[in-house]
Amino acid sequence: MKDGKTISERMRGLYNDSCTGDLLADMIGIETVCGGIDCSECVDGLLVKIADEIDVELEAARDTPKWCESFQDFVGEELERPMEDGEGIGDWLGRNYIAIPTDKEGRPWAIGDACQPSDTDLPGEVIGFTVGKHGRVLVRVETEAYDEIYAPGALSRIVPDTQERINEDARKSMNDYWGCAGVLCSECPARIDGANPPERFGVGSCIKAQSLDLLRRQRELEKAGAPCQ
């Protein structure tokens with residue numbers, strides 16, 4: 001390799017009105033031999049020299065390990081953080097360097113997870129991650145209306161409803177159901193799009209809103225094909 005270029009890169013666009021032998025000789029860095037030998041001998045010698053350079057470059061390429069193998073060796077030997085069997089580079093980065101965002105229960109978010117953003121009643125799906133200010137990893141969410149980036153704390157994990165969960169929640173107190181024990185009504189944690197439960201259901205109390213929400217969940221479960229129990 002000369003001047004940072006391979007032999008093929010140097011040969012492209014080389015031709016002009018000058019002697020081809022002179023051009024090739026200059027390109028590969030040998031003295032012109034015109035005048036002492038026949039042109040055919042000159043070209044033959046130049047081609048042999050070019051072939052030798054190609055062999056050198058090919059051998060160097062064969063000796064270079066594949067990128068992924070080189071990466072695995074580097075992180076294992078130099079960084080002492082080896083990749084696990086079957087682990088992808090993205091998983092390795094997440095395990096070692098990137099703090100994967102988690103939900104409120106400490107479970108890591110993953111692409112494809114169903115979630116509920118706090119500022120809308122539209123359910124969403126995690127479609128990716130991005131790094132915000134100060135290196136904080138944020139969650140990219142897609143709903144039927146828009147894509148948006150959220151802090152992990154602004155998302156709730158959507159767990160598929162079951163009859164057992166509905167039956168269990170029906171036995172909860174109003175405060176336990178809405179998660180508002182010890183919280184002022186002005187700071188209601190169950191607001192969606194700024195509306196608290198009574199406002200969303202058009203009733204006068206959170207107890208009535210709880211009953212209507214349980215009925216809504218039951219209807220949606222039955223609509224999905226689950227038998228009523």
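Checking VAL126 against (1) at pLDDT below 65; (2) touching a Cys at 6+ places or on another chain (Cβ under 7 Å), which test does it fail?
For VAL126, the exception is condition (1).
Under 8 Å between Cβ atoms, which residue pairs at least 6 apart in sequence (or on different chains) link something in the stretch 68-93 that is surrounded by 11 or more Cβ atoms within 10 Å (Cβ to Cβ) with a partner that is at pLDDT 70 or above and among the aromatic types (Phe, Trp, Tyr)?
VAL75/TRP92; ARG81/TRP92; MET83/TRP92
Kindly check whether there is at least one residue in the stretch 143-166 that is within 19 Å of ILE100 (Cβ to Cβ) and among the basic types (Lys, Arg).
yes
Which pairs turn up if I take residues in the stretch 196-217 that are closer than 21 Å to GLN163 by Cβ and look for partners that are small (Gly, Ala, Ser) with beta carbon separation below 6 Å, at least 6 apart in sequence or on another chain?
Within 6 Å, the pairs are LEU214/ALA170.
Let's see how each residue does on (1) under 36 Å from the mean Cα position of the chain (by Cα); (2) outside any helix (DSSP H, G or I):
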| residue | (1), (2) |
| --- | --- |
| TYR177 | yes, no |
| CYS180 | yes, yes |
| SER186 | no, no |
| ALA190 | yes, yes |
| GLU199 | no, no |
| ARG217 | yes, no |
| GLY225 | yes, yes |
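Of all residues in the stretch 115-157, how many are among the aromatic types (Phe, Trp, Tyr) and over 19 Å from ARG191 (Cβ atoms)?
Here is the first cut: in the stretch 115-157, the residues among the aromatic types (Phe, Trp, Tyr) are 129, 146, 150.
Cutting the leftovers down to over 19 Å from ARG191 (Cβ atoms) gives us 129, 146.
Result for the stretch 115-157: 2.
Return the residues of the stretch 201-215 that are over 15 Å from ASP121 (Cβ atoms), surrounded by 11 or more Cβ atoms within 10 Å (Cβ to Cβ) and over 39 Å from the mean Cα position of the chain (by Cα); say none if nothing qualifies. Can you show your working first?
Pass one, the stretch 201-215, residues over 15 Å from ASP121 (Cβ atoms): 203-208, 210-211, 214-215.
Filter once more, so that each one left must be surrounded by 11 or more Cβ atoms within 10 Å (Cβ to Cβ): 203, 205-208, 210-211, 214-215.
If the condition is that a residue be over 15 Å from ASP121 (Cβ atoms), surrounded by 11 or more Cβ atoms within 10 Å (Cβ to Cβ) and over 39 Å from the mean Cα position of the chain (by Cα), then VAL203, SER205, CYS206, ILE207, LYS208, SER211 are the ones that fit.
In this structure, does ALA209 turn out to be closer than 18 Å to SER173 by Cα, of a type in the set (A, V, I, L, M, F, W, C) and either touching a Leu at 6+ places or on another chain (Cβ under 9 Å) or not in a helix (DSSP H, G or I) (or both)? Steps first, please.
Working: closer than 18 Å to SER173 by Cα: yes; of a type in the set (A, V, I, L, M, F, W, C): yes; either touching a Leu at 6+ places or on another chain (Cβ under 9 Å) or not in a helix (DSSP H, G or I) (or both): no.
No: the conditions fail for ALA209.
So which pairs qualify, if the first residue must be in the stretch 122-151 and in a loop (DSSP other than H, G, I, E, B), the second must be hydrophobic (A, V, I, L, M, F, W, C) and modelled with pLDDT of 90 or more, the Cβ gap must be under 8 Å, and the two must be at least 6 apart or on different chains?
That search, which allows pairs on different chains as well, returns PRO123/ALA114; PRO123/CYS115; GLY132/ILE149; ALA151/VAL139.
Residue-wise test of (1) more than 27 Å from GLN218 (Cβ to Cβ); (2) hydrophobic (A, V, I, L, M, F, W, C); (3) under 21 Å from the mean Cα position of the chain (by Cα); (4) modelled with pLDDT of 90 or more.
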| residue | (1), (2), (3), (4) |
| --- | --- |
| LYS133 | yes, no, yes, no |
| VAL139 | yes, yes, yes, yes |
| GLU168 | no, no, no, yes |
| MET174 | no, yes, no, yes |
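Here is a check on your reading of the model: is TYR146 among the hydroxyl-bearing types (Ser, Thr, Tyr) and either more than 31 Å from the chain's Cα centre (by Cα) or surrounded by 13 or more Cβ atoms within 10 Å (Cβ to Cβ) (or both)? Steps first, answer last, please.
Values: among the hydroxyl-bearing types (Ser, Thr, Tyr): yes; either more than 31 Å from the chain's Cα centre (by Cα) or surrounded by 13 or more Cβ atoms within 10 Å (Cβ to Cβ) (or both): no.
Criteria not met by TYR146.
The values are calculated or read from the model by the stated rules, or taken from the named source; none is laboratory data. Bear in mind that the values here come from a model prediction, so they are computed numbers and not experimental data. Every residue, glycine as well, gets a Cβ built from its backbone with ideal geometry; the counts of neighbours run over all protein chains shown.
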